[in-house]
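> So that we are looking at the same thing, I have put the structure below in structure tokens.
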Amino acid sequence: MSEACGGRVLFLNWRDTTHPEGGGSEVYLERVAAEMVARGYRATLLCQAHGTAPAEETTSDGIRIVRRGGRHTVYLFAALLYLAGWVGLGPLAHRRHGRTDLIVDVCNGMPFLSRLYARCPVISLVHHVHREQWPVVFGPRVARIGWWIESRLAVRVYRRCRYVTVSESTRGELVGLGVDRGRITVIHNGTPEVVGPRVPRTPHPSVVVLGRLVPHKRVELALRATALLATELPTLELVVAGHGWWAERLRRLAADLGIEQRVRFTGFVSEERKHELLCGAWLLLLPSLKEGWGLTVVEAGARGTPSVAFRSAGGVVDAMADGETGVLVEDEFAFFQAIRSLVLDPQRRAGMGAAAAAYARQFTWAMTGAAFARVVAAELPAARPAPADQRVP
């Protein structure tokens, strides 16, 4: 098959992994795009501009990234640039390779609504439903509008589209909103391969929170648990790894709780430093209100570190085996109790860590990419990957 007939996939997402507030959903998208490029597809990611990031670039994995607009205007730019590309103008015009064959429209609460203007098949990628997060991040009025768009308008717009989500929990929530279960495919996150030497556990009790510092991650619960445990475990340390606009509030709370000496805020950490922290910690804490999957749970598990998280958080139910690779809890007091129990029980903690490492091996990015490629091929039978000698190096 000629190169012009190869699959050209446009990913629409509000951020990329280089954005200061990029997270697990951005990792998922770019790893999927990279796996598809390796299979002969051409992948373009349109996302918002930020800082000094170039307006256009091609990554080492062969993904073309186009950055335009800001937090809110990126949605408008997506429509304008797609339509311009369709008529052969603008950065999405494929003068050499033809037009876009398929769009992957990522709904991070706010969808791109590309089905309204796209002239090709659209897949709606939903990591999780944001019912609980709208009122936490925005005021009541904006929250009501945002939730109506996500739960009513988007469901109507994408009513004939294939959905992809990352957990059975999110599939259940989408069905509850009126999406036909048969149109939803679950494709779990992969787990990055553990590289580098193992790092020994810290000699003192240590727990880690890893992720963006924003309100719905509820790092406050980890700080309050640390304050309670510190009365019994004077050498306990909490590491908060990540950055975000909520960081200063968390630092002030640590001071108010009198645990400044027991909490270490690292800011953004490299992959190498993340590996060291996850290896060294006794437990990973995930107090988040909602997660599509819970990537950090599986990343910690791959290093033999069990987790404590909330059952109501959605995708973490799939990312761990409750009671085997970690503990799922119902409320804040149970969160504190589970942390205390595991910190004080080295035998149980070690057993859960070994089980978590075995569980994490079930999830690879190659498997994720292959599953996503099958969905694309089913939605677009005429767009096959280009022959090996014509693939992007």
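> If you check 171, 156, 212, 249, which single one turns out to be exposed (fewer than 15 other Cβ atoms within 10 Å of the Cβ) and within 27 Å of residue 330 (Cβ to Cβ)?
249
> Test of understanding: among 271, 291, which residue is modelled with pLDDT under 95, within 18 Å of the chain's Cα centre (by Cα), more than 17 Å from residue 335 (Cβ to Cβ) and of a type in the set (Asp, Glu)?
Being modelled with pLDDT under 95, within 18 Å of the chain's Cα centre (by Cα), more than 17 Å from residue 335 (Cβ to Cβ) and of a type in the set (Asp, Glu) holds for just one of 271, 291, which is 271.
> Scanning segment 270-297 for residues that are of a type outside the set (D, E, K, R) and touching a His at 6+ places or on another chain (Cβ under 6 Å), which turns out surrounded by the fewest Cβ atoms within 10 Å (Cβ to Cβ)?
Only one residue tops the list, namely 289.
> In the set 82, 41, which member is at pLDDT below 90 and buried (at least 23 other Cβ atoms within 10 Å of the Cβ)?
Checking each option against the conditions leaves just 82.
> Would you tally the residues in segment 308-357 being touching an Asp or Glu at 6+ places or on another chain (Cβ under 9 Å) and over 20 Å from residue 189 (Cα atoms)?
4
> Next question, about the same structure. Just give me the residues in segment 150-200 being without any contact (Cβ under 8 Å) to a residue 12 or more places away in the chain and among the small types (Gly, Ala, Ser), in sequence order.
Correct list: 172, 176, 182.
> Please state which of the following conditions residue 343 fails to meet, knowing it meets all the rest: (1) within 21 Å of the chain's Cα centre (by Cα); (2) β-branched (Val, Ile, Thr); (3) surrounded by fewer than 24 Cβ atoms within 10 Å (Cβ to Cβ).
Single failed check for residue 343: (1).
> Still on this model: Within segment 155-175, restricting attention to residues that are in a helix (DSSP H, G or I) and within 20 Å of the chain's Cα centre (by Cα), which residue is nearest to residue 115 (Cα to Cα)?
It comes out as 174.
> Scanning segment 94-118 for residues that are out of contact with any strand residue (DSSP E or B) (no Cβ under 8 Å at 6 or more places or on another chain) and modelled with pLDDT under 90, which turns out farthest from residue 66 (Cα to Cα)?
109
> Let me ask something else. If we scan segment 143-152, do we find a residue that is among the small types (Gly, Ala, Ser), over 20 Å from the mean Cα position of the chain (by Cα), in a helix (DSSP H, G or I) and in the same structural domain as residue 344 (by TED's automatic domain parsing)?
No, that holds for no residue.
> So, one more: Hey, residue 185 hits all of (1) among the polar types (S, T, N, Q); (2) surrounded by fewer than 20 Cβ atoms within 10 Å (Cβ to Cβ); (3) touching a Gly at 6+ places or on another chain (Cβ under 7 Å) but one; which does it fall short on?
Failed condition: (3).
> Then there's this: Look at segment 339-383 and say how many of its residues are among the aromatic types (Phe, Trp, Tyr) and over 30 Å from residue 121 (Cβ atoms).
The total comes to 1.
The values are calculated or read from the model by the stated rules, or taken from the named source; none is laboratory data. None of the values given here were measured: they were computed from a predicted structure. Glycine also receives a Cβ, built like all others from the backbone with ideal geometry; neighbour counts cover every protein chain displayed.
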